[in-house]
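Here is the structure we will look at.
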Amino acid sequence: MKERSTSRFSKPKAKKSVAIESWHKGADAEIHLYARSLQNAAKSLVQTLEPELSPATAWDVCPIVCLYRQALELHLKALVGEGSNFLKSKTDPISLYRTHSLRWLAQIVCQVIKTVGRESDFTCEGVSNLAEFSSLVNEI
């Protein structure tokens with residue numbers, strides 16, 4: 001029997017696993033889970049740092065800062081995505097998902113919180129009001 005030749009233009013079909021099929025599917029609800037996993041990874045890296053940092057090992061914190069920053073970006077994007085419905089003009093989804101500007105995202109989050117009248121409830125460890133939140137994001 002002659003073996004079938006494979007066309008060089010057709011791609012072989014990859015077998016799909018359950019894990020690949022269930023990964024992300026574009027659901028906005030999963031953005032929180034992804035951000036939380038980035039935070040957990042950063043915490044794990046913090047625990048591996050040596051207590052006495054030398055100039056050579058000071059660069060070891062760069063991936064930690066990057067992970068925390070990306071987690072913050074995702075949390076802010078989720079807040080903007082969910083909260084822009086309360087604003088007079090909705091945030092453009094393409095601009096929202098393409099941006100990496102924490103300042104811009106924080107400004108919109110502040111607008112949403114002011115619009116829904118939850119300024120007094122916006123507190124957490126290290127942040128007691130929206131002005132401190134904006135200042136902290138600008139510092140990052």
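The values are calculated or read from the model by the stated rules, or taken from the named source; none is laboratory data. The shown structure was predicted, so the numbers you read here are calculated from the model rather than taken from an experiment. Every residue, glycine among them, receives a Cβ derived from its backbone with ideal geometry; neighbour counts consider all protein chains shown. The area values use the complete protein model at the heavy-atom level, side chains included, leaving out ligands, DNA and RNA. Shrake-Rupley method; radii C 1.70, N 1.55, O 1.52, S 1.80 Å.
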Label model pair Lys90, Arg69: point-to-point distance (7 angstrom along the Cα→beta-carbon line) in nm is 3.1 nm
Low-density loop GluC sites (Glu not before Pro), segment 52-140, at most 11 other Cβ within 10 Å, DSSP non-H/G/I/E/B, are Glu52, Glu125
Expressed per residue, the solvent accessible area of segment 45-140 in Å² (1.4 Å probe) is about 68 Å²
So Glu52 and Glu139, fully extended at 0.36 nm per residue minus their Cα-Cα distance, gain in nm 28.8 nm
When every protein chain stays in place and a 1.4 Å probe is rolled, Lys77, Lys90, Lys114 sorted by accessible area with the largest first are Lys90, Lys114, Lys77
In nanometres, the difference between 0.36 nm per residue of separation and the alpha-carbon distance of Tyr97 and Glu125 is 7.3 nm
